[in-house]
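Data block below; observations after.
The numbers here are math on the coordinates, done by the rules we state, and not lab data. Computed from a prediction, not measured in an experiment: that's the story for all the values here. Backbone-built Cβ (ideal geometry, glycine too); neighbour counts: all protein chains shown.
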Amino acid sequence: MKSLLINNIMGQRAKFRNKKRIVIKVGTSSLSFTNGRLNFQRIEKLTYVLSAIRNRNIEVVLVSSGAIGVGAGRLGLKDKPKELSKKQALAAIGQAELMKIYKKFFEEYNQTVAQILLTKDVMTDQKKYQNAKNTLTQLLTMGIIPIINENDTISTYEIEFGDNDTLSANVATLVDAELLILLSDIDGLYSADPKIDATAEIIESVNRITPELEKLATGAGTSFGTGGMVTKISAAKICMAANIDTVITNGTDPAIIFDILDGKNIGTHFMTKEKAVV
Amino acid sequence: MIDSKKMCEGRIVVRIEISALSNAEGKFDHRKMDRLAMVLSNLNNSGKQLLLVTSGAIALGSDKLNLKKQPQSAVDMQVAAAIGQAELIRFYQHYFDQYNQIVAQVLITRDVLDNEVRVTNARNTFETLLDMNIVPIINENDIISTEDIELDDNYPLALSVAKIAKADAILIKMDINSNFIIQPRGSLKPRFVSDESQLIQELENINDELKSMDKNDFYYPVSIDEILVNQ
C-alpha cells in the first residue's frame, strides 16, 4: 500500500520535467537576512536559476515580496512602521530599488525583466483581467520574466490581495501556469509542529485539503513576511481548483528549483484534482 | 524592521589594494569594483559594520592624465592622487549606490594615532557614520602627508583605522581573484577565504571565538609571502 502510494507520488512529480510555464513566489524571508535587509548573494543566485530555467524554454513569472523592507533599509529606519500610509510610502521607495537590483542581476545573465504591479480588482473586473492577461502573455511570448508584486501604494482593504501567496496563486490562474512554487523559510507542510514534536515529518504530497490539514497549518509563520502556512494552503487551494500544481518549499538555496523541476520529492506537493490518487 | 540583536555583530576594516580592482593589464576594472561593492554591501546588510581602507588614487589619477607610467617625484604623485582620489570615490559611490549603500569619504594622515584629540575626533566620526549605516571609505590624505606616499602599501593605515575603530578584524582583498584574508583581533591566527560566499560565515565564526577572549589592539601580522603562499 505504501509503495503504491510512493509510486504514484513519483509519477506525479515526474511530470514536473515537462512544465512549460511556471510561477515562482519568493517571500521576504528568502530575500533577506534575519534583520530584514536584502541578501544580495541570495538574490543573485535566484536570478541565475531563473535565467537558466528561462534558457530551457520554460516560461517564468516571478512574484516577489520585499519592497517595504528595502524601503525601510533605504531610509535607514530601524523599526517597521505600523501606519498604512507609511508602509505604502516605503513600498513606493522600496519597489523601485528592488526592481533596480533585480534588473541589475538579471542583466548579468542577459535576461530581460518587466515590472507588473497588480491589485485584486484585476481578478474581478473583466476588462482589467483581460488586459493583464494579454500583457503577461505577450511578455512571456517575448521571453521576458515578469516580476510581479501587489501595487501596495494604491491598495486599500477592498482591493488588496493581502499577501503574496494569494497574489501568486491568482497570477498562476491568470497566466494559465502549470506549476506554482512557493519559496519561504518553511521546508514544507509538516505532519505536526516540528518545534514541539520530534516525529514531525514533511508531508510530501496532498491531494485534498481537509479541515484537519488546514489545522496543521496554523502557527507556522515568519516575523517579516505577511504570509505563513495558512496563506500558502489557501494559495494551494486556489491552484488546485484551477488544475495547477503547487509546491511549498524552502528558498534558502534557490537552486532547489532545479531539483523540483527534475521531479525530486522536495517540499510539499499539492496535486491537481483529476490526476490525484483516489 | 531591523533586529537590534543581529546588528553590530562585528566591525570590520576592509583593506583594498588597487591590484584587487585591476585587470591583467593593470588597468582599473569596473566589474571588479561592482562585484566588491556587492559583496561588501551584502556583508553590511548581514549586520556587520564596515570601514573601507582603499588605495588607488595615484593609479586612477595617472590613468586620467594618460601618463604612460606612474609618476616618480613626490609632487607628481600628489597631483595624480588629488585627481585620482575624486575619481576613486566617484566610482565607489556609483557602485555602492547600485546596492543602496551610502558611503562617505574620510581622508586622514598616518600620524593620527600620535595625537589623542585626533584619535577621539576620528573615532567619533567613525561611530556616527557607522551608526547611520554608512560605509566610510578611508584613504591617506596624500596631498599633505609626504612621508609614505612612495610606498604603495596601505597596511599601516588599515591598522591605524582598525585600532581607532576597535575593529574585530581586518579583511584584506589584494589580488585579482576572489580571495580574501581575515586578520582577526587578538591572538587568533589569520584565515584565508577563497570563496566569497563563505565570508559571512567565517566572520561569524571569528565573532563567536572573540567573545571568549580578551579584547586587545593586536592583529596578528600577515606577510605578503604568506598571502602568496596561500594563493
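Residue farthest toward the positive end of the dipole of the protein assembly as shown, with Cβ of Lys/Arg at +1 and Asp/Glu at -1: which of B:TYR219, A:THR112, B:GLN72?
Result: A:THR112.
Students often forget the sequence filter, so: which aspartates and glutamates lie under 17 Å Cα-Cα from B:LYS215 once same-chain residues fewer than 8 apart are removed?
By straight Cα distance, B:LYS215 reaches B:GLU9, B:ASP168, B:GLU204.
Using DSSP to call loops (not H, G, I, E or B), can you name the chymotrypsin sites (Phe, Trp or Tyr not before Pro) in the stretch A:61-131 whose Cβ has at most 15 other Cβ atoms within 10 angstrom? Don't skip to the end; give the middle numbers.
Working: sites: A:TYR102, A:PHE105, A:PHE106, A:TYR109, A:TYR129; in loops: A:TYR109.
Qualifying residues, ordered by number: A:TYR109.
By how many degrees, 0 to 90 and rounded to 10, does the Cα axis of helix A:40-55 deviate from the longest principal axis of chain A?
With rounding to tens, the tilt is 60 degrees.
Binning at 5 angstrom from zero up to the longest distance, how are the C-alpha pair distances of the stretch B:15-103 distributed in percent?
Here the calculated profile for the stretch B:15-103 is 3, 14, 23, 24, 16, 10, 6, 3, 1.
State to the nearest 20 debye the size of the charge dipole of the protein assembly as shown about its Cα centre, where the only charges are +1 on K and R beta carbons and -1 on D and E beta carbons. Each step should come with its number before you reach the end.
On the way: 58 positive and 64 negative charges, 350 e Å.
My answer is approximately 1680 debye.
Taking the Kirkwood radius as the inverse of the mean 1/r across Cα pairs, report the Rg/Rh of the protein assembly as shown. It would help to have the intermediate numbers written out before the result.
Values: Rg = 26.0 Å, Rh = 25.1 Å.
Reported Rg/Rh (Cα atoms, Kirkwood Rh): 1.04.
So for chain B, what are the equivalent ellipsoid semi-axes in whole Å, largest first, each being the square root of 5 times an eigenvalue of the Cα gyration tensor? Don't skip to the end; give the middle numbers.
Details: eigenvalues 145, 78, 66 Å².
Result for chain B: semi-axes of 27, 20, 18 Å.
Straight-line reach only, C-alpha to C-alpha below 14 angstrom: list the aspartates and glutamates that A:LYS45 could link to, leaving out same-chain residues fewer than 8 apart.
A:GLU107, A:GLU108, A:ASP253, B:GLU196
What's the extension gain from A:ASN110 to A:ARG17 if we count 0.36 nm per residue and subtract their Cα-Cα distance? Provide the component values of the computation, followed by the final result.
On the way: separation 93, 0.36 × 93 = 33.48 nm, distance 2.41 nm.
Extra length available between A:ASN110 and A:ARG17 comes to 31.1 nm.
Taking springs between alpha-carbon atoms closer than 10 angstrom, which of A:ILE233, A:ILE154, A:ILE22 fluctuates most in the Gaussian network model of chain A?
A:ILE154
Rounded to the nearest Å, what's the spacing between the alpha carbon centres of the stretch A:173-217 and the stretch A:49-80? Just the number, please.
Each part reduced to its Cα centre gives a spacing of 23 Å.
Once you compute Rg and the Kirkwood Rh from C-alpha atoms, what is the Rg to Rh ratio for chain A? Before the final figure, lay out the partial values.
Numbers: Rg = 18.0 Å, Rh = 19.0 Å.
With Rh from the inverse mean 1/r over Cα pairs, Rg/Rh is 0.95.
In whole Å, what are the Cα extents of the stretch A:46-125 along the three principal axes, biggest one first?
44, 36, 14
Quick one: which of A:LYS25/A:LYS120; A:LYS25/A:LYS215; A:LYS19/A:LYS237; A:LYS19/A:LYS100; A:LYS80/A:LYS100 span more than 27 angstrom between C-alpha atoms? All intermediate terms of the calculation are to be shown ahead of the outcome.
Working: A:LYS25/A:LYS120 17 Å; A:LYS25/A:LYS215 23 Å; A:LYS19/A:LYS237 20 Å; A:LYS19/A:LYS100 29 Å; A:LYS80/A:LYS100 22 Å.
Result: A:LYS19/A:LYS100 exceed 27 Å.
Enumerate by residue number the trypsin sites (Lys or Arg not before Pro) in the stretch B:169-225 meeting two conditions: DSSP loop (anything except H, G, I, E, B), and at most 15 other Cβ atoms within 10 Å of the site's Cβ. Each step should come with its number before you reach the end.
Numbers: sites: B:LYS173, B:ARG185, B:ARG191, B:LYS211, B:LYS215; in loops: B:LYS215.
For trypsin sites (Lys or Arg not before Pro) across the stretch B:169-225 that sit outside H, G, I, E and B with at most 15 neighbouring Cβ atoms in 10 Å, the list reads B:LYS215.
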